[in-house]
Amino acid sequence: QKNQTLDLLNRHLESYNYSISHDLKAPLRQAKGFATLLEKELKNKSNESVEEFMFYIQKSLGSMSSLIDAFVSYAKISMVNIAYDFLDMEQMIRNLIEDIKQEDTDGGLPHHSEIDQLPKIPGDAALIKQLWYCLLSNAVKFSSTEAKPSIHIGAYEEGPFHVFYIKDNGIGFEQQFQ
């Protein structure tokens, strides 16, 4: 009885997530469509500030769409039972970088990726892989505008914990948001 109720609740939650994603993306698709039309309309009229604004509008809409996708992915993952294994972070990251290279159609993957020797840690492989994929994808995306994009991945010990980091030479955050 409890398992059936839980399965039903999970199906409702999955349906809800799909609805939320669809409802949030509808205005984004419309705004992107109008921004594209406006960009085409203004293309013949040279105005650098308008072109720059259009670039940032398109970029912001893409970022919002990615955030919605990440939210839906997180909601799906959070419904799964956590299975702890001993994970080789270095190998996982190398594999993910290879996956990202295969997905990269814009040529934005950094020319230089440095991966320090990383520790093995206990954790859920699916959750940790999803986390690294999001972090690495963001590092690639935000460093891709640089002449020589680079990413450095490392870790250090802090007490009984390992702290992992990704450094890139992308645009970064304004100090107030760090």
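The values are calculated or read from the model by the stated rules, or taken from the named source; none is laboratory data. On a predicted model such as this, the values are computed, not experimentally measured, just so you know. For neighbour counting, all protein chains shown are included, and Cβ atoms are generated from backbone atoms with ideal geometry for every residue, glycine included. To get the accessible areas, we keep the full protein, side chains included, count just its heavy atoms, and leave off ligands, DNA and RNA. Shrake-Rupley method; radii C 1.70, N 1.55, O 1.52, S 1.80 Å.
Structure notes:
- Theoretical FRET efficiency, 1/(1+(r/R0)^6), r = Cβ-Cβ of N95 and N44, R0 45 Å, to 0.05: 0.45
- Charge tally in the Cβ shell below 15 Å around I93, where Lys, Arg are +1 and Asp, Glu are -1, I93 excluded: -2
- Shown is the FRET efficiency for F53 and E114, computed with R0 = 35 Å from the Cβ-Cβ distance and rounded to the nearest 0.05: 0.45.
- Counting only protein chain heavy atoms and rolling a 1.4 Å probe, the accessible areas of F86, F164 rank, largest first, as F86, F164.
- If the chain linking T5 and I171 were pulled fully straight, counting 0.36 nm for each residue of separation and taking away their Cα-Cα distance, it would gain 55.0 nm.
- Nitroxide proxy distance, nm - points 7 Å out along Cα→Cβ at H162 and L13: 2.9 nm
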